Structure formats: C-alpha cells, structure tokens
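A short worksheet on the structure shown next.
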C-alpha cells in the first residue's frame, strides 16, 4: 500500500511544473540521481525514468487534445515519473501506467497523488516477463526505445496487450536506435510518423510522433 508520508521520508525531491492545454501539473523529481546510479553499471542502468523528457510533453499534449471515449483503455509502458499517464487521466482517458523499477513506481504513485488522479491505475510490468492481464485499445509510450535488445520485448508487449483494432502511439527522439526500431516495426505494422519540434530558448528539440496499427494479413 502506497503511503505519501513514507515516500516523503524516503526520498529528497524537487518539484517541476508543466503546463498542458492551460492546465498546470506538478511533478516530484529526485533531488539527486546518485542513489539510483549503479557505479558498476552507469551506462547500461542509468535511471532514465527520473527525468521529464521533451517527448513526454509532446505525447501528453497530443493525448490531452484527443476526444475522450470512456470505453477506450490506454496502456502506458515505461511511464517514468508519470507525466504522460497523469495528464491523459486528468483529461478523462482511462489509463493504466506501468513501470518496472521500484523507485519509478513510487514516484509515479506520488505524482498521481499530488495531481489528484484517483482513477489512474499504476502497475508493475516487466517487459521480459509480462504478467499484466487484459488487452488495451491504445498502447502509449515516450522515450522507451534506447537499446536494440529491447526491440523484441517491446514487440511482444504490443502483440500481447494491443487489441486487434488498436493503435500504438510513441514519441521518441530521432536516434539511430529509434529509427531502426520503427523500420523493423514497419514490417508488421502500418507506421505513420510526424515530426514535432519543441523550442527551448535557442535550441530546437526534434521529436518523432509515430502511430502504429497491425497490418492486415
């Protein structure tokens, strides 16, 4: 059972505010990443979940703009701090957020609490040994494509949890790994990609928004 009091005793946090469609959301983030980094395995086990990434903001805004259908269910993979799922839930969508890391799950639950998302489900999901039940109308995710070894586990999630007429929506930075992932997925899915740009001062951050549906055999 999650306890906000226990969370506050265990973690030192800062707060990041994010505005989506004229609504303000607040997110607790770790004050320091030191306790989450394994010095023996820094590059392969870096706590990517502990930051709010630009593609998450893009995806959250997209979902906030979608018409709400209370019969349609969303599964978010790699939810991290919870921005995407919390925003989608706040705008009326039926969302199940998932993460594997214990600390990430705690932060997602804390952020759901402070943003009053009582209808949001938050579940543990191991991509290599998925035990979640049910199927979903949409699978969503942002910044989940980093290593080629995760391609097959993610594909298996799609096959297991997406309804036959469902849709996958992913927001990713255009890295070599993400481009290769979508190339491989295009053999099994109809892939529609759209380029989005976030401006941060003088910097332009490019994001690929990709929507995928099963190919009919």
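Every number in this text was worked out from the coordinates using simple rules, so none of it is lab data. Computed from a prediction, not measured in an experiment: that's the story for all the values here. Please note: Cβ atoms are built from the backbone with ideal geometry, for glycine as well, and neighbour counts cover all protein chains shown.
Shape class for the range 11-61, computed from the alpha carbon gyration tensor (a ≥ b ≥ c): oblate, with a/c not under 1.5 and a/b at or below b/c. As a proxy for reagent exposure, ranking 142, 56 by other Cβ atoms within 10 Å from fewest up yields 56, 142. Sequence gap at least 6, Cα distance under 8 Å: using those rules, report the relative contact order of the range 43-153 to the nearest whole percent. Normalised by residue count, the contact order of the range 43-153 is 29 percent.
Between 0 and 90 degrees, rounded to the nearest ten: what's the tilt of helix 176-185 against the longest Cα principal axis of the chain? With both axes taken from Cα atoms, the answer is about 40 degrees. Computed over the chain, relative contact order equals 16 percent, with contacts defined as Cα pairs under 8 Å that lie 6+ residues apart. Report summary: the helix-based calculation at 222 nm, which adds -39500 (n - 2.57) for every DSSP H run with n ≥ 4 and divides by the residues of the chain, gives -8500 deg cm²/dmol.
Relative to the longest principal axis of the Cα atoms of the chain, the long axis of helix 102-114 lies at roughly 80 degrees. Take the Cβ atoms of residue 151 and residue 121, set R0 to 30 Å, and the FRET efficiency comes out at 0.70. From most to least packed by mean Cβ count within 10 Å, the peptides 81-91, 150-160 give 81-91, 150-160. Between the beta carbons of residue 114 and residue 202, assuming R0 = 35 Å, the FRET efficiency works out to 0.60 to the nearest 0.05. Could you work out how far the C-alpha centroid of the range 48-123 sits from that of the range 4-23, in angstrom? The distance from the Cα centre of the range 48-123 to that of the range 4-23 comes to 14 Å.
Rounded to the nearest 5, the antiparallel percentage of DSSP beta bridges internal to the chain is 60%.
Among 189-201, 169-181, 96-108, the peptide with the highest mean count of other Cβ atoms within 10 Å heads the list, and the full ranking is 96-108, 169-181, 189-201. The mean sequence separation of alpha-carbon pairs under 8 Å and at least six residues apart, normalised by the residue count of the range 1-89, gives a relative contact order of 26 percent. Above 24 Å, the calculated P(r) of the chain contains 41 percent of its Cα-Cα pairs. Kirkwood analysis of the range 68-145, using all unique Cα-Cα pairs, places the hydrodynamic radius at 12.4 Å.
By the count of neighbouring beta-carbon atoms within 10 Å, fewest first, 1, 209, 147 end up ordered 1, 147, 209.
The alpha carbon gyration tensor of the range 97-206 gives principal lengths a ≥ b ≥ c with a/c of 1.5 or higher and a/b no greater than b/c, which makes the shape oblate.
Rank the residues 73, 202 as a footprinting-exposure proxy: fewest other Cβ atoms within 10 Å of their Cβ go first.
On the way: 73 20, 202 5.
By the 10 Å Cβ count, ascending: 202, 73.
Scattering from the range 14-108 was approximated by placing one identical point on each alpha carbon and applying the Debye formula without solvent; log10 I(q)/I(0) at 0.14, 0.15, 0.19, 0.25 1/Å stands at -0.53, -0.60, -0.90, -1.35. To the nearest ten degrees, helix 151-161 and the longest principal axis of the Cα atoms of the chain are 80 degrees apart. The slack in the chain from residue 192 to residue 26, taken as 0.36 nm per residue of separation less the alpha-carbon distance, amounts to 56.6 nm.
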